[in-house]
Amino acid sequence: MIEVTALSKHFGTHIAVNNLSFKVDSGQFCVLVGTSGCGKSTTLRMINRLIEPSQGQIRIKGQDVTTLAPEQLRRRIGYVIQGVGLFPHRTIHQNIATVPRLLGWKKTDIDARVTELLTLFKLDAATFAGKYPHQLSGGEQQRVGVARALAAKPELLLMDEPFGALDPLTRELLQDELLKIQQLLGITIIMVTHDLEEAIKLADVIAVMDKGKLLQLDTPETLLRHPNAGFVQDLVGGSERPLRLLSTKQVGQIMTKLATLPAAQPVAQLPTIAASASLRDAMALLIWEQAEQLQVVDDTGKPIGQLGLHELLQQGARA
Ligand SMILES: Nc1ncnc2c1ncn2[C@@H]1O[C@H](COP(=O)(O)OP(=O)(O)OP(=O)(O)O)[C@@H](O)[C@H]1O
């Protein structure tokens, strides 16, 4: 879907991005992590041509981005930044409608799309469409920012620290919503974050950068189990590694299905956990409840399986 080849950016004598090459497949969620100033934002901004590369190439679906007019390109790529950047004197409806209007969509199609997106982001259209950004909380504004970026059905969504300014609870809520929406829409996302936990939770692949260079690009699990020596190894942590590994999987992926359990197994007394929860949450619940077995339930609360301490220990252990 997107292919970056030997990409560099020099600001005077300073090399912000140094000979970067990577590919992101269609529908993948790629997260760029690394220390402050390592070139993450510059990379993102070269993809939508807010910054012109010094060297190298960026292709989206095989097409070199420099062959497209920047405005035309940006209408195909959603862009979300920290602090949102909503237009303060436009209503929420007008904000979300910005790119569809520029593209000449019919009014009825625009109205339908705005309502659809507000609903998707759990914002009641009747309440929110006519409001102005300052009348919304930070979390609500951030949702509108993402909705606006998705309005014209872009093939690629670039997100630069989108949840950086939010409190931890709102941040987690929006991460969950973003994951669901990404799975629903099948959109390709490249996100920048400082937060490794956020990267592990959201990413199909994590790209670790340092001093303008790409050090490793791998799935969260591979990165945690087999980090390259040096910076990546320091980044993924020592004592935190097992718990981070548990964050990469959901309960539903490793539970024993109810149908395969012995019939006599008592299930009613066990603490319950949702199949969509992470293994890390499952481990926390076991410790909290001093239990060794959990009952797994689906979205409706129906028991569908069990998960034991032994399986969790295996999943968090070195391979
Ligand atoms: N317009 C510019 N002119 C000169 N130097 C710049 C410019 N933009 C970025 N830089 C420098 O390039 C380097 C990379 O910046 P960039 O914003 O890409 O880093 P980052 O990894 O996104 O950092 P952060 O996580 O702090 O946002 C930094 O040293 C920065 O000071």
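Note on 120, 44: ascending count of other Cβ atoms within 10 Å places them as 120, 44, the fewest first. If you wrap segment 10-58 in the convex hull of its Cα atoms and look at it from every side, the mean projected area works out to 3.8 nm².
Each 10 Å bin from zero up to the one holding the largest Cα-Cα distance in segment 150-246 carries the following percent of pairs: 13, 45, 34, 8, 0.
With n ≥ 4 as the cut-off for DSSP H runs, can you work out [θ] at 222 nm for the chain, using -39500 (n - 2.57) per run divided by the number of residues, rounded to the nearest 500?
-10500 deg cm²/dmol
In segment 190-232, the convex hull through the Cα atoms has an average projected area of 3.0 nm², a quarter of its surface area. Between residue 184 and residue 309, the simple spin-label model (points 7 angstrom out along Cα→Cβ) gives 3.9 nm. If you look at the Cα atoms of segment 205-319, you get an Rg and a Dmax of 16.8, 59 Å. Summing Lys and Arg as +1 and Asp and Glu as -1 over all other residues whose Cβ lies under 13 Å from the Cβ of residue 44 gives a net charge of +3. Run a plain Debye calculation on the chain (Cα atoms as equal point scatterers, no solvent) and give log10 I(q)/I(0) at q = 0.07, 0.09 Å⁻¹, rounded to two decimals, same order as the q list. Scattering profile of the chain, log10 relative to I(0): -0.33, -0.54. Across the cross-link table entries 40/180; 153/257; 201/257, which are compared at the Cα atoms, the separations over 30 Å belong to 153/257. Packing around the peptides 202-210, 190-198, 231-239, taken as the average count of other Cβ atoms within 10 Å per residue, puts them in this order, highest first: 202-210, 190-198, 231-239.
Across segment 32-169 the C-alpha pair distances fall into 10 Å bins from zero in the proportions 11, 39, 33, 16, 2 percent. Segment residue 173..residue 298, full-extension length gain: 43.1 nm, with 0.36 nm per residue of separation and the alpha-carbon distance subtracted. Our analysis of segment 249-316 gives Rg over Rh at 0.92, with the two radii drawn from alpha carbon positions and Rh computed by the Kirkwood formula. The Cβ shell under 13 Å around residue 66 holds other residues with a net charge of 0, Lys and Arg each +1, Asp and Glu each -1. Placing a pseudo-label 7 Å from each Cα along the Cα-to-Cβ vector at residue 68 and residue 250 gives an inter-label distance of 3.0 nm. The gain in end-to-end length when the residue 107 to residue 195 segment is fully stretched comes to 27.7 nm, 0.36 nm per residue minus the alpha carbon separation.
Other residues within the sphere of radius under 9 Å centred on the Cβ of residue 164, judged by their own Cβ, net out at -2 (K and R +1, D and E -1).
Rule-based calculations on the coordinates, nothing more; no lab input. These numbers come from a predicted model, not from an experiment. Here the Cβ is made from the backbone with ideal geometry for all residues, glycine too, and neighbour counts use every protein chain on show.
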